[in-house]
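What follows draws every value from the coordinates through simple rules; no lab data is involved. Nothing here was measured: the structure is a model prediction, and the numbers come from that model. Ideal geometry is used to build each Cβ from the backbone, glycine not excepted, and the neighbour counts take in all protein chains shown.
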């Protein structure tokens, strides 16, 4: 029980620390990041298509940010 | 400027682990509102040509939000396929045509810094049906420097088989596939000009996982210069793990570079690496993109280009997707922004053209057509000593996007 309480307190302290993180890039410093050219997925309709082109022809799959779906194209 | 938030610690240790973690991680962030993506409609025409296969069709995607906290989206996607691929030629079948229609519906709900999403996708071919349901949650943290995402998908497919001569569906063949996908991701702002993302996805499939039309080949018992064919046999389960790291950097002038790496393994013995890099350069109302992608994988444990004999082992595959190969892709894109200041209900619009050239080079998948030639043909090669197969593909995308 003591161990559990200790871990609980340690976790609480660590996570409380997370809550107090001062954002090191302030909102008014995010002009460049807000530019559309910095978007990871500026055109979802195109990204979904080209991911599908590779998924259907390669053994690897997943971790490309899209939910995917089954098809008989393999 | 937003001040960092304070956290009130639970006073009693009797609070459950889950409750504590949720309280500490989620509640502090709930005091500021997130943002849903803008209302937008896209109409795309896609065309793929390569390896004796042409696939083309439209994709239309519309998304609309309400009261800044609800959003719905709908997508219709179609593939019209004409195929005389090397697999079709080697099996002795003739060119075939088929169509795939896919509908997707999605809904999002934004509450504070948390976005909940639900999605449903239905894909239909005359010999294959797939239904996928997805759930996702996304949470902005630490003054919006960090976004955590989690997702789960459940898929149910039904595999049918067409008679290649009569073109009728075989009523005695109907096999299911169950799919589960689990995703977690973190997107992190690192500096004023650098953003990164880390994604992890585990996918498990269970059911009839091979293509019912594809065969493996083995040395012809009566003439070892020739081959014979038999239906493939795959394991009925597959679990894969993929982890991807991506980053985008804003250059000192208005342009961006991006890079990415994905590592992949699965229970079939396939290991794969994907590297990507690209450059985006706006100029007046134009935006130009150039990118390069390199992919390599090793073969599945039960893959062989030419087995020694029929039923040599329990599982047998000769799908080139499971072979050892490399692919390289060069991507070029141009986007033209029209009505940048809006027109009636349209806020802005873009016209986009993307071209990808992909080259596939196989290390253990041979061009079996050479051993199907008459023995007297000067191009004849015995089974197992044909040239390695390779092909190039051209991929075109033309689409118009409108924000409203």
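Structure data summary
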item	result
Two-decimal Rg/Rh across segment B:192-328, once Rg and the Kirkwood Rh are taken from alpha-carbon atoms	1.17
On Cα atoms only, tilt of B:17-26 relative to the major axis of chain B in degrees	70 degrees
Ranked list, fewest to most other Cβ atoms within 10 Å of each Cβ, for B:261, B:295	B:261, B:295
Order of B:186, B:219, B:81 - criterion: other Cβ atoms within 10 Å of each residue's Cβ, fewest first	B:186, B:81, B:219
Highest-fluctuation residue, B:189, B:165, B:55 considered, GNM on chain B with Cα pairs under 10 Å	B:165
Listed residues B:118, B:373, B:351, most fluctuating in chain B (Gaussian network, C-alpha, under 10 Å)	B:373
Within 10 Å of each Cβ in B:139-145, the average number of Cβ atoms from other chains	4
Order of B:97, B:56 under a 10 Å beta carbon neighbour criterion, fewest first	B:97, B:56
Whole-Å distance, taken between Cα centres, linking segment B:334-372 and segment B:52-118	15 Å
Length-normalised contact order for segment B:167-301 - Cα pairs under 8 Å, 6+ apart - percent	17 percent
For segment A:24-64, radius of gyration divided by Kirkwood radius, i.e. Rg to Rh on alpha-carbons	1.20
Mean separation of Cα contacts under 8 Å, 6 or more apart, over the residue count of segment B:152-221: relative contact order %	29 percent
Rg and Dmax of segment B:48-95, Cα atoms only, in Å	18.5, 58
Spin-label model distance (nm) - residue B:38 vs residue B:261, 7 Å beyond Cα toward Cβ	3.5 nm
Fluctuation leader among B:92, B:119, B:50 - chain B, Gaussian network, Cα springs under 10 angstrom	B:92
Kirkwood hydrodynamic radius of chain B, from inverse mean 1/r over distinct Cα pairs, in Å	24.8 Å
Projected label distance in nm at residue B:154 and residue B:245, using a 7 Å step from Cα toward the beta-carbon	3.5 nm
Gain on full stretching of the segment that runs from residue B:290 to residue B:355 - 0.36 nm per residue minus C-alpha separation	22.4 nm
Segment residue B:390-residue B:253, extension gain: residue separation times 0.36 nm, minus the distance between their alpha carbons	45.3 nm
Contact order relative to length of chain B, as percent, for alpha carbon pairs under 8 angstrom and 6 or more apart	12 percent
Extension reserve of the residue B:74-residue B:174 stretch, reckoned as 0.36 nm per residue once the Cα distance is removed	33.1 nm
Relative frequency of Cα-Cα separations exceeding 43 Å in the protein assembly as shown, percent	24 percent
FRET efficiency estimate (nearest 0.05) - Cβ-Cβ, residue B:376 to residue B:122, R0 41 angstrom	0.20
